[in-house]
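A short write-up of the structure that comes next.
The values are calculated or read from the model by the stated rules, or taken from the named source; none is laboratory data. Here the structure is a predicted model, which means the values were calculated and not measured. Every residue, glycine among them, receives a Cβ derived from its backbone with ideal geometry; neighbour counts consider all protein chains shown.
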């Protein structure tokens, strides 16, 4: 980007500088996420976010994974591994909540966790009866809310080894796909993400909302 200086000369403005001048919530969130990538706590924060998102937290870890990976592309696969491990352990936590404590905490989840309600769980129960492994795998890889399926797997006592296998494969595939692209292409991917961040963030939110809609209204 260019702008005219006081003497009429053209000054070059880089893409990150241009984005930094745009006010708004998305930019502030982006800066907050990048802040973790610049501190010693980025990796633990990624692990905890991935763990929490698989059981109760509504925000997916992908944004932080991308921010950390584009800050240090050489470590992108390491970050993908951390995110995958945290997410699978979080899925196990969700399973444990459904299996051992659901009757004590169900009202809290119905009230405060997006996508969790009695009708949704009836739908998920019918999905598990038909598809089992593929239900978990699809929820783990796509924007469909994974936490709904991890807790429901415990509630309906889905075979745990099958649940764990589907979770490990799907979450690893999702996060290593992101990490692998950034590891391989590095700077070009970073430039693209910075240039089109607002559009991509909006698309990500839309996909997340559509995931909840699919579970609530579309799936049998």
Scan region 31-40 and give yes if some residue there is modelled with pLDDT of 85 or more and either closer than 14 Å to residue 175 by Cβ or not in a helix (DSSP H, G or I) (or both), otherwise no.
no
What tally of residues in region 76-92 results from selecting those that are over 16 Å from residue 169 (Cα atoms) and surrounded by 18 or more Cβ atoms within 10 Å (Cβ to Cβ)?
2
Options 123, 130: the member that is surrounded by fewer than 16 Cβ atoms within 10 Å (Cβ to Cβ) and in a helix (DSSP H, G or I)
130
Out of everything in region 134-156 that is under 13 Å from the mean Cα position of the chain (by Cα) and not in a helix (DSSP H, G or I), what residue ends up being surrounded by the most Cβ atoms within 10 Å (Cβ to Cβ)?
145
Of those in region 157-195 that are surrounded by 15 or more Cβ atoms within 10 Å (Cβ to Cβ) and not in a helix (DSSP H, G or I), the residue modelled with the lowest pLDDT is 186
If we keep just the residues of region 41-72 that are more than 13 Å from residue 85 (Cβ to Cβ), in a loop (DSSP other than H, G, I, E, B) and touching a helix residue (DSSP H, G or I) at 6+ places or on another chain (Cβ under 9 Å), which is modelled with the lowest pLDDT?
58
Could you list all residues from region 62-75 that are in contact (Cβ under 8 Å) with a residue 40 or more places away in the chain and surrounded by 23 or more Cβ atoms within 10 Å (Cβ to Cβ)?
65, 66, 69
